[in-house]
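The values are calculated or read from the model by the stated rules, or taken from the named source; none is laboratory data. Only a predicted model underlies this, so the values are computations on that prediction, with no experimental measurement involved. With ideal geometry, Cβ positions are generated from the backbone for all residues, glycine too; neighbour counts draw on all protein chains shown.
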Ligand code: BEZ
C-alpha cells in the first residue's frame with residue numbers, strides 16, 4: 001500500500017476509515033482498501049480501554065481523534081458492500097462499544113483534498129466515561145507498559161499500529177515517539 005495510490009473504486013458500497021486497530025486488524029469483509037487521510041484531526045492515545053487493552057480497574061490507552069485544524073491523520077479506508085454494511089457496522093459497534101461514536105468524515109486520496117467519498121469513523125470524544133485525555137508521553141508509555149486486556153497487551157497495540165503506519169509510509173510523531181518509549185528497557 002502507498003499513501004499516493006490512485007483511487008479506483010466504483011460507486012457501490014460504503015466506506016469505513018480506520019486509524020487504530022482497524023489499520024492492521026479490520027476483521028470484517030471488504031471489497032477494497034485504500035490508504036487514505038482525513039483532514040482536521042490528529043490521532044492521540046487519549047482514550048482509556050477497559051475492554052480490549054486494559055480492564056476496568058486498570059485501563060489501557062488506545063487512540064481516538066482530536067480536532068486539529070489543518071492536520072492530516074493517515075489510516076486505511078475500507079469499502080464494504082452495501083448488502084453487508086449494516087451487519088458489519090453492527091459487529092463493529094459491538095466491538096468498539098467502549099465510548100466511541102460513529103461520525104462521518106471526508107476521505108482524502110492522492111494528497112488531494114476534497115477528492116474522496118465520505119466514510120464512517122469511530123471517535124471517542126471527551127464526554128465519554130473512558131476518556132483519559134492528554135498526559136505527558138512518558139506517563140502514557142508507563143500506562144501502556146503495565147496494561148493488558150482481553151485483546152492482548154497494550155504494548156502490542158502501540159507497536160502494531162506503528163509498524164502498520166511505517167509500512168504505509170505514513171508518519172505520525174505521536175505514535176512513533178510512544179513506540180520508542182514503550183520499547184525502552
Ligand atoms: C479504528 O479506526 O481503527 C478505530 C479506532 C478506535 C475505535 C474503533 C476503531
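Numerical summary
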quantity: Qualifying residue in segment 129-150 (condition: buried (at least 17 other Cβ atoms within 10 Å of the Cβ) and closer than 13 Å to residue 16 by Cβ); calculated: no
quantity: Residues (within 15 Å of the chain's Cα centre (by Cα), assigned to a loop (DSSP other than H, G, I, E, B) and more than 20 Å from residue 31 (Cβ to Cβ)) located in segment 84-121; calculated: 96, 97, 98, 99, 100
quantity: Segment 63-99: number of residues that are without any contact (Cβ under 8 Å) to a residue 60 or more places away in the chain and away from the ligand (no atom under 12 Å from the Cβ); calculated: 12
quantity: Filtered residue count, segment 122-172, keeping only those that are closer than 19 Å to residue 66 by Cα and in a loop (DSSP other than H, G, I, E, B); calculated: 15
quantity: Checklist (1) within 12 Å of the ligand (Cβ to nearest atom); (2) at pLDDT 95 or above; (3) surrounded by 18 or more Cβ atoms within 10 Å (Cβ to Cβ) applied to residue 60, failing item; calculated: (1)
quantity: Count - residues of segment 100-118 that are within 11 Å of the ligand (Cβ to nearest atom) and in contact (Cβ under 8 Å) with a residue 24 or more places away in the chain; calculated: 3
quantity: In segment 136-158, residue farthest from residue 183 (Cα to Cα) [restricted to those that are free of Cβ contacts under 8 Å to residues at least 40 places away in the same chain and more than 17 Å from the chain's Cα centre (by Cα)]; calculated: 136
quantity: Scope segment 73-98; condition at pLDDT below 95 and closer than 23 Å to residue 179 by Cβ; matching residues; calculated: 96, 98
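One line per residue, one yes/no per condition, for (1) farther than 18 Å from residue 161 by Cβ; (2) outside any strand (DSSP E or B):
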position	(1), (2)
12	yes, yes
22	no, yes
26	no, yes
30	yes, yes
40	yes, no
62	no, no
65	no, no
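Here's the yes/no breakdown for (1) at pLDDT below 95; (2) under 11 Å from the mean Cα position of the chain (by Cα); (3) within 15 Å of the ligand (Cβ to nearest atom):
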{"site": "3", "(1), (2), (3)": "yes, no, no"}
{"site": "6", "(1), (2), (3)": "yes, no, no"}
{"site": "13", "(1), (2), (3)": "yes, no, no"}
{"site": "29", "(1), (2), (3)": "no, no, no"}
{"site": "45", "(1), (2), (3)": "no, yes, yes"}
